[in-house]
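Okay, so here's the structure we're looking at.
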Amino acid sequence: MTGPFLLLHDADNVLVARQNAAEGLVVALEGGDVTLARPIPLAHKIARHAIAEGAKILKYGMPIGVATQAIAAGAHVHVHNIRSDYTPTHVLQDADGISAGVGQ
């Protein structure tokens, strides 16, 4: 466990927020400390380490999607930078009810 984030499986390349995490929060990761560039809502993910474009996103040790761009360690991992293996991401909404990726 790293502050407000939880590692669900040793193979995961993401950590899951077990509470809301504020922008500017310093999070200790394996590769060193990172500062969150944006608030991370409860149950959202951040990159455990850098993730290459095209790499599988692993949660619970299982693939849940593919990175659509390179994702830096500590960056928010959500529908704006992954393509789901299970649902069409263009219809999903972010936690604030606004379609993810709009205005970013």
Within segment 47-62, considering residues that are among the charged types (D, E, K, R) and in a loop (DSSP other than H, G, I, E, B), the one most open to solvent (accessible area, probe 1.4 Å) = GLU53
request  = Would you please name the residue that is least open to solvent (accessible area, probe 1.4 Å), looking only at residues in segment 26-41 that are in contact (Cβ under 8 Å) with a residue 40 or more places away in the chain and under 19 Å from HIS9 (Cβ atoms)?
outcome  = VAL27
message = Any residue that is part of a loop (DSSP other than H, G, I, E, B) and hydroxyl-bearing (Ser, Thr, Tyr) - is there at least one of those in segment 21-41?
response = no
ask   = Does THR35 qualify as being of a type in the set (S, T, N, Q), over 13 Å from the mean Cα position of the chain (by Cα) and at pLDDT below 95?
value = no
inquiry  = Test of understanding: among GLY97, GLY54, GLY74, which residue is over 14 Å from the mean Cα position of the chain (by Cα) and modelled with pLDDT of 95 or more?
reply    = GLY54
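The values are calculated or read from the model by the stated rules, or taken from the named source; none is laboratory data. Model, not experiment: these values are computed from the prediction. FYI the Cβ positions are ideal-geometry reconstructions off the backbone, even for glycines, and counts take in every protein chain you see. All accessible areas refer to the heavy atoms of the entire protein, side chains included, with ligands and DNA or RNA removed. Shrake-Rupley method; radii C 1.70, N 1.55, O 1.52, S 1.80 Å.
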